[in-house]
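Every number in this text was worked out from the coordinates using simple rules, so none of it is lab data. The structure presented is a predicted model; accordingly, all values stated were derived computationally and were not measured. Note: ideal-geometry Cβ built from the backbone for every residue, glycine included; neighbour counts use all protein chains shown.
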Amino acid sequence: MIDTTARVAGGARIGKGVDIGPYCVVGPDVELGDGVRLIAHVHVSGVTVIGSGTVVYPFASLGTPPQSVHYHGGATRLVIGACCELREGVTMNTGTEDGGGLTRIGERCLFMAGSHVAHDCQVGNGVTFANNAVIGGHVTVGDHTFLGGHAAVHQFAQVGEGAMVAGLSGVTRNLIPFGYARGQIAALAGLNVVGLRRRGATRADLQRLRRAFRALFFGEGVFARRFAGLADEFADDPLVGKISAFIQAGGKLPLMQPVRERDGDDRSDDAA
């Protein structure tokens with residue numbers, strides 16, 4: 001189903017059951033998987049792949065060149081996974097040559113109105129961006145993460161699996177898996193307990209995570225020694241193991257810390 005007002009360039013690869021609504025524009029290097037729906041006024045350009053079952057709402061712009069002075073006009077890519085929902089005005093750019101050349105979005109993600117994914121970002125599965133949440137270039141966002149409305153993530157930052165960023169928060173450092181961050185310049189405010197429960201974490205799981213959180217951020221001695229102790233005490237815990245692996249991997253930005261001692265851990269149940 002291609003509306004008569006839509007413009008689909010020769011060379012575009014269109015899957016089965018695709019619905020391209022009024023006034024959409026699809027470029028020659030675009031691939032639309034089976035069952036993709038472009039509601040109306042959607043612009044898809046560049047070397048862009050949209051996975052099967054994904055729905056894109058009006059005025060979204062996907063696959064446009066990176067907003068970066070380091071882009072030199074190459075055929076970099078944008079890949080969007082299956083069964084995503086991209087609401088009105090969502091924008092996503094392709095990668096840059098120096099940044100790996102690929103912006104990738106996982107499956108079953110929800111991007112609310114006005115949200116933005118910049119060049120060379122890697123976004124996991126089951127992620128939610130609330131209205132006007134934006135991430136800069138080279139950002140990594142783990143599976144099942146939630147960014148609140150008007151949240152902004154600085155370029156090269158890493159947001160771990162299952163984390164939550166409160167609305168109106170600016171993330172300038174790496175946020176641990178299952179962490180909850182908030183504040184104008186976001187600080188670690190505890191654990192995303194509600195999110196963990198929704199994903200099936202047990203009471204025992206949460207108790208171990210809380211003990212690990214307190215030991216890591218509020219224990220005695222320097223951070224390196226506390227981190228080493230975490231690996232020893234919780235060696236067999238898979239959730240704590242993900243936090244340890246995230247910290248061990250490091251990144252270009254430092255690790256986000258609590259805003260002040262024991263502030264966040266007492267409020268971890270506030271995270272949604």
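Points to keep in mind about this one:
- In region 53-71 there is at least one residue that is touching a Cys at 6+ places or on another chain (Cβ under 7 Å) and more than 29 Å from THR172 (Cα to Cα).
- Scanning region 26-36 for residues that are assigned to a strand (DSSP E or B) and buried (at least 19 other Cβ atoms within 10 Å of the Cβ) yields VAL26, VAL30, LEU32.
- As a summary of the residue check, PHE156 satisfies the conditions (1) farther than 26 Å from GLY27 by Cα; (2) buried (at least 20 other Cβ atoms within 10 Å of the Cβ) except for the one numbered (2).
- Subset of region 216-236 [surrounded by 13 or more Cβ atoms within 10 Å (Cβ to Cβ) and charged (D, E, K, R)]: ARG226, GLU233
- Residues in region 117-132 that are within 10 Å of the chain's Cα centre (by Cα), crowded, with 20+ Cβ neighbours inside 10 Å and under 29 Å from GLY73 (Cα atoms): VAL117, CYS121, VAL123, GLY124, PHE129.
- Checking each residue of region 9-25 against the condition of being surrounded by fewer than 19 Cβ atoms within 10 Å (Cβ to Cβ), touching a Ser or Thr at 6+ places or on another chain (Cβ under 6 Å) and either of a type in the set (Lys, Arg) or without any contact (Cβ under 8 Å) to a residue 60 or more places away in the chain (or both) gives at least one match.
- Selection of region 75-108 for residues being buried (at least 18 other Cβ atoms within 10 Å of the Cβ), touching a Phe, Trp or Tyr at 6+ places or on another chain (Cβ under 8 Å) and more than 16 Å from VAL42 (Cβ to Cβ) yields only THR96.
- Only listed residue being in contact with a Gly (Cβ under 7 Å, 6 or more places away or on another chain) and either part of a strand (DSSP E or B) or among the β-branched types (Val, Ile, Thr) (or both), chosen from GLY89, GLY63: GLY63
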